[in-house]
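The structure appears below as C-alpha cells.
The values are calculated or read from the model by the stated rules, or taken from the named source; none is laboratory data. Here the structure is a predicted model, which means the values were calculated and not measured. Note that we place each Cβ from the backbone using ideal geometry, even for glycine, and neighbour counts take in every protein chain shown.
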Ligand code: IPM
Ligand code: MG
C-alpha cells in the first residue's frame, strides 16, 4: 500500500502529521513518501505541482492531501497559484468522482447554524463531478467582445460543457453509492436555463433506467440551495456538476456544525484516489497548533476503505473519532461550554489512544 503524502500549505502539514500518526498506529504496513505541493512547492521548486510530485502521485495507490493556498500568492499569475496543484492533480489522474459526505455528529448538533432538530442525524452524500464543466471547458480567456451590445469592449469568457460519457459515469457512481445507503438520488441541474444542464438531466434519467431500485428526483440548483437549509434531511445522495457541487458542498458542510470534521475522496476509474479534508489551508491559524485534524483523519479512513480495501481499519478510525468526541475533546472550531478544549496534536494523540 503505497501512499503519497502531500501536506501543502497553511494548516496542511499539521493536520496531515496527525493523520499519518493515526495510520501508523494501525497494524498495517504502508509505504509513505512525502512531496511538496501548492505554495510550498512553488517556494521549493517554482511550480505548485512539480513534475516529481505529480509522478509520485501517479505511482501511488492513494494520495493523502492536506490543503493548498495562501493570500500571499494571490498576485501570482493563475498558472502558478497553489489552487492549480489540486486542479492539475484532478485532471492528470482523472479524478472525476468526488465524494463529500456531510454528516452531523450527535455531539456536534448544537454547533450547526441551523436548529438542532433540523440537523440531528443528518447524513448526506454529495457526489460532485470533478474534471469537467466550466472548470475545465475550453475555450476560455479574454478578448475583445465579438458581438452583443458591448461589441469591441474587453470581455472574459469560460465554457460550460459536458459530454455524455462524463455524465453517465458520474451518474453511475451516484446510483451505486445510493444503493449502499438510502436509495435516493437528487440530481441537481439548471435545466431551465442552461443547455448543458438540460443534457445533464436527460443523461442522468437515461442511466437511471439501469437502477429501478433507486429513486431519482431532479432539482434546480437554486431550489437545492434553499432546500439544503430548509429541510436538509430530505436528501440522501446529491449528484451534480463541478461548479454547482463546489458551491453546494460548502453549504452542506456548514449544516454539520464544522467544516473541520468533513473528509472527502476523489476517485478515478481505477479507484486510485486523492483524499483531503473538505476545508482549506486556513493560513490565519497555521502554525498555532489549534487546527482540527479530524477531517484529515477521517479522510485517511476513506482512503483505507475506497483505495486500499481495508474497510475494517477504516471502521476502527471512524469509531475512534466518535470516541474522542464522546470523551468531550474539542478543538476550538467545535468547542462549546462544558467540553474540553484541545490542540491539534492532543486531538491526534487522543484518536491514537482510542484506537488501542
Ligand atoms: C474545492 C475547492 C477547489 C474547487 C479550489 C481550491 C480550486 O474550492 O475543492 O472545493 O473549487 O474545486
Ligand atoms: Mg470549494
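A few points about this structure:
- Odd one out for residue 288 among (1) touching a residue at least 24 places away in the same chain (Cβ under 8 Å); (2) assigned to a loop (DSSP other than H, G, I, E, B); (3) surrounded by fewer than 24 Cβ atoms within 10 Å (Cβ to Cβ); (4) more than 16 Å from ligand 2 (Cβ to nearest atom): (1)
- Residue 125 under 30 Å from residue 323 (Cβ atoms) and assigned to a loop (DSSP other than H, G, I, E, B): no
- Among the candidates 213, 217, 222, residue that is over 21 Å from residue 119 (Cα atoms) and not in a strand (DSSP E or B): 213
- Condition check for residue 252: buried (at least 23 other Cβ atoms within 10 Å of the Cβ), touching a strand residue (DSSP E or B) at 6+ places or on another chain (Cβ under 9 Å), assigned to a helix (DSSP H, G or I) and in the same structural domain as residue 3 (by TED's automatic domain parsing): no
- Among the conditions (1) in a helix (DSSP H, G or I); (2) touching a residue at least 12 places away in the same chain (Cβ under 8 Å); (3) more than 12 Å from ligand 1 (Cβ to nearest atom), the only one that residue 117 does not satisfy is (2).
- Taken together, 314, 320, 286 contain a single residue that is more than 25 Å from residue 86 (Cα to Cα) and touching a helix residue (DSSP H, G or I) at 6+ places or on another chain (Cβ under 8 Å), which is 320.
- Selection of the range 139-160 for residues being surrounded by fewer than 17 Cβ atoms within 10 Å (Cβ to Cβ) and touching a helix residue (DSSP H, G or I) at 6+ places or on another chain (Cβ under 6 Å) yields only 158.
- Restricting attention to the range 323-356, the residues being closer than 16 Å to residue 11 by Cα, part of a helix (DSSP H, G or I) and touching a helix residue (DSSP H, G or I) at 6+ places or on another chain (Cβ under 8 Å) number 5.
- Hey, residue 23 closer than 18 Å to residue 265 by Cβ, modelled with pLDDT of 95 or more and within 19 Å of the chain's Cα centre (by Cα) or not: no
- Residue within the range 89-104 that is within 30 Å of residue 142 (Cβ to Cβ) and more than 16 Å from the chain's Cα centre (by Cα) present: yes
- Residues located in the range 236-249, provided they are surrounded by fewer than 24 Cβ atoms within 10 Å (Cβ to Cβ) and more than 12 Å from ligand 1 (Cβ to nearest atom): 236
- Those residues of the range 264-283 which are within 14 Å of ligand 2 (Cβ to nearest atom) and outside any loop (DSSP other than H, G, I, E, B), in sequence order: 264, 266, 276, 277
- Of the strands (runs of 3 or more DSSP E) entirely within the range 1-114, those holding at least 3 residues that are touching a strand residue (DSSP E or B) at 6+ places or on another chain (Cβ under 9 Å), free of Cβ contacts under 8 Å to residues at least 40 places away in the same chain and under 27 Å from residue 304 (Cβ atoms) occupy 31-34.
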